[in-house]
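The values are calculated or read from the model by the stated rules, or taken from the named source; none is laboratory data. Computed from a predicted structure; not experimentally measured. Cβ coordinates were reconstructed from backbone atoms using ideal geometry, including for glycine residues, and neighbour counts include every protein chain displayed.
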């Protein structure tokens, strides 16, 4: 089975503040459905209050990030699924719960890991 990343950027959520708890509850319900189905691997949101850093092979830590990844934030879910079509179905469930479109990407298989 393949692991799929289902995600959205923070700015995609455009919900009135009074409805944020309902969105969170709906997303948690879909996450629980994924756990109950045995496909859940990981999920969570990037803590945007912790600034990113880049760590070199020699241990040097530099504040900031790669320019092309400066906008990595938002919510992420990793599910292990039997097909791409199943990933699209789960993404639709999360899109409905979060009230925003979800991006789907497949992780490559590394037979050595």
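Points worth noting:
- Scanning the stretch 46-57 for any residue that is surrounded by 14 or more Cβ atoms within 10 Å (Cβ to Cβ), at pLDDT 95 or above, within 18 Å of the chain's Cα centre (by Cα) and under 22 Å from residue 11 (Cβ atoms) turns up nothing.
- Evaluation of residue 65 against the conditions (1) touching a residue at least 24 places away in the same chain (Cβ under 8 Å); (2) at negative phi shows that the sole unmet condition is (1).
- A count restricted to the stretch 1-12 and to residues that are over 13 Å from the mean Cα position of the chain (by Cα) and more than 12 Å from residue 86 (Cβ to Cβ) stands at 1.
- Residue 112 closer than 20 Å to residue 2 by Cβ, loosely packed, with under 15 Cβ neighbours inside 10 Å and in contact (Cβ under 8 Å) with a residue 40 or more places away in the chain: no
- Candidate set from the stretch 5-31 (those that are in a strand (DSSP E or B) and closer than 11 Å to residue 94 by Cβ); member that is modelled with the highest pLDDT: 6
- Looking across the stretch 1-14 at every residue that is farther than 17 Å from residue 48 by Cβ and in contact with a helix residue (DSSP H, G or I) (Cβ under 8 Å, 6 or more places away or on another chain), the one that is surrounded by the most Cβ atoms within 10 Å (Cβ to Cβ) is identified as 6.
- Where a residue in the stretch 32-50 is under 16 Å from residue 94 (Cα atoms) and its partner, wherever it lies, is in a loop (DSSP other than H, G, I, E, B) and at pLDDT 95 or above, with Cβ under 9 Å and at least six apart: 39/82
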